[in-house]
Amino acid sequence: MSEQRTVKVSKYLSKHLRHQPERIGLSLDEAGWVEIDELLAAAAAHGFPVSRAELDRAVAENDKRRFAVDGSRIRANQGHTVQVDLGLAAEQPPAYLYHGTVGRFLDAIRAEGLRPMDRHDVHLSADRETATRVGARRGRPVLLSVDAGTMHRDGHTFRVSANGVWLTAAVPARYLRFPG
């Protein structure tokens, strides 16, 4: 399978495991899981046949480890716009976490902080490099530092997904450090 096909399968999985399962007739359970055989059958029935080998490769080679497989089931690790409960326990974050964005969003972020937008949570990275890569997807990246330690002491809850992405409901602007 080509790298291009692997990326296409990964995007298809993201779309239907995170955002629009109903579009191909899937019903995720409360924790976001669906049977792999059901997913493969639904994909084929909707004009995008995927083999189990292609699915396994897309899961294994995804640089952000977006998906989890548990026996005969699969789910997205985070980033859902559909209602799911990933069952992630609250954890104490590192002192600082990072968020990558682009310059055109800075005025809104300064005014409103980081909001989850269509997702359930704001996504934060434990390292600068990952956050910079995330920001670069939309243009020239701008790296924001989040004073997660103080947020946590002030009562904000953090959870960490299976792929290491830190999640929190929102980041008020007072906890952000802007470059320059």
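Throughout, read-outs are computed from the coordinates displayed, never taken from laboratory work. What you are looking at is a predicted structure, and each value in this text was computed from that prediction instead of being measured. So basically every Cβ, Gly included, is an ideal-geometry build from the backbone, and we count neighbours across all protein chains shown.
Going residue by residue through region 64-85, is there one that turns out to be over 14 Å from the mean Cα position of the chain (by Cα) and over 19 Å from residue 13 (Cα atoms)?
No, there is no match, as no residue in region 64-85 is over 14 Å from the mean Cα position of the chain (by Cα) and over 19 Å from residue 13 (Cα atoms).
Can you name the residue in region 1-37 that is under 18 Å from the mean Cα position of the chain (by Cα), over 14 Å from residue 83 (Cβ atoms) and basic (Lys, Arg) and, of all such residues, is surrounded by the fewest Cβ atoms within 10 Å (Cβ to Cβ)?
Among those residues, the one meeting the criterion is 11.
Read through the list (1) over 14 Å from the mean Cα position of the chain (by Cα); (2) not in a loop (DSSP other than H, G, I, E, B), then give the number of the only condition that residue 99 fails.
Status for residue 99: all satisfied but (1).
What is the one condition in (1) in contact (Cβ under 8 Å) with a residue 60 or more places away in the chain; (2) within 24 Å of residue 169 (Cβ to Cβ); (3) part of a strand (DSSP E or B) that residue 74 does not satisfy?
(2)
Would you call residue 79 crowded, with 16+ Cβ neighbours inside 10 Å and at positive phi?
Numbers: crowded, with 16+ Cβ neighbours inside 10 Å: yes; at positive phi: yes.
Yes: the conditions hold for residue 79.
Please specify each residue of region 49-65 satisfying the condition of being outside any helix (DSSP H, G or I) and surrounded by 14 or more Cβ atoms within 10 Å (Cβ to Cβ).
The answer is 50, 62, 64, 65.
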